[in-house]
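> Before we start, here is the structure in question, set down as structure tokens.
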Amino acid sequence: MRNWILFCVVCVTAFFLCEYLTQVENKTPTSIIAFTSEYCIPCKKALNILTQYDVANVVQIDIHKYPYKANLWHVDAVPTFILLNGNEVLLRTHDPYDVILYLQGASK
């Protein structure tokens, strides 16, 4: 009986997880992960540039506070910007103007 209940719980969880991922892929707007550092002057300037152009959703991650996230995304220098559409990587760069140009080209 326990195995059957466990099986049902796993199946329902897998179903809802698949539904959620499908919704994220289809409805999530373009977003940017910005890997920065608190002490990085170019990082602050780059983030100011992105806010001036009012680009997509920017999620800032400090590599010193969250080193495991930097390792997960293979970040070796800051600033690093990863442009995502759902869970697909569209662009990876160190230059904020590359992000702006990419988004302007994609909106045409």
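> VAL55 versus (1) modelled with pLDDT of 95 or more; (2) of a type in the set (A, V, I, L, M, F, W, C); (3) assigned to a loop (DSSP other than H, G, I, E, B): which is the lone unmet condition?
(1)
> Kindly check whether there is at least one residue in region 66-79 that is touching a strand residue (DSSP E or B) at 6+ places or on another chain (Cβ under 9 Å), within 13 Å of LEU50 (Cβ to Cβ) and touching a residue at least 24 places away in the same chain (Cβ under 8 Å).
yes
> Residues being out of contact with any helix residue (DSSP H, G or I) (no Cβ under 7 Å at 6 or more places or on another chain), surrounded by 12 or more Cβ atoms within 10 Å (Cβ to Cβ), hydroxyl-bearing (Ser, Thr, Tyr) and within 14 Å of TYR97 (Cα to Cα): count how many of those fall in region 40-83.
Count: 1.
> Restricting to region 59-94, and then to whatever is assigned to a strand (DSSP E or B) and over 18 Å from GLY105 (Cα atoms), can you tell me which residue is nearest to the chain's Cα centre (by Cα)?
VAL59
The values are calculated or read from the model by the stated rules, or taken from the named source; none is laboratory data. Fair warning: this is a prediction, and the values are worked out from it, not measured in the lab. Please note: Cβ atoms are built from the backbone with ideal geometry, for glycine as well, and neighbour counts cover all protein chains shown.
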